[in-house]
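First the structure, in the form of structure tokens, and then the observations on it.
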Amino acid sequence: MTRRILYVEDNPDLLALVRQLLEQKIPELVVDVCASAYGAEEFLNRECYDLIICDVNLPGELGTTVIEKVLERDPKQPVMLMKSCLMAKSLCR
């Protein structure tokens, strides 16, 4: 069975790295990615997700606000907030 994750992250290197790792480790997984809160809303209006992973610091709107909106629509939606750190940035280099 195919599982779907939405990953919202504005750092393109980290976005690519996490997507690649998830898809390699879980072959039946589809990872949709976007770099903004606006993009996340568009994906959420089209698809249902098994998990939403969202960066805390997004341009224009905080990831916490994105997650609040998601949980207003579906209080049972599994979500995960992430915050980039220097270690993650150095992994992308």
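Between amide H atoms placed 1.01 Å from N, distances below 5 Å from Leu81 occur with Cys54, all of them 5 or more places distant or on a separate chain.
Less than 5 angstrom separates the built amide H of Val30 from those of Arg3, Arg4, Ile5, all sequence-distant by 5 or more or on a different chain. Measuring nothing but protein heavy atoms, the accessible surface of the chain at 1.4 Å probe radius is 57 percent carbon and sulfur. Taking all protein chains together, Tyr38, Tyr7 sort by accessible area into Tyr38, Tyr7, largest first [probe 1.4 Å].
What value in Å³ per residue do you get for the convex hull of the alpha-carbon atoms in the chain?
89 Å³
Hey, what number do you get for the chain at 222 nm if only DSSP H runs of n ≥ 4 count, each worth -39500 (n - 2.57), divided across all residues, to the nearest 500? Please report the intermediate quantities before stating the final value.
On the way: 4 runs with 41 residues, N = 93.
My calculation for the chain gives -13000 deg cm²/dmol from helical runs alone.
Average accessible surface for the chain: 64 Å² per residue, computed with a 1.4 Å probe over protein heavy atoms with every protein chain in place.
The values are calculated or read from the model by the stated rules, or taken from the named source; none is laboratory data. Note that the structure is a prediction, hence the values are computed from the model and not measured. Just so you know, the surface numbers come from the protein's heavy atoms only, side chains and all, with ligands and any DNA or RNA stripped out. Shrake-Rupley method; radii C 1.70, N 1.55, O 1.52, S 1.80 Å.
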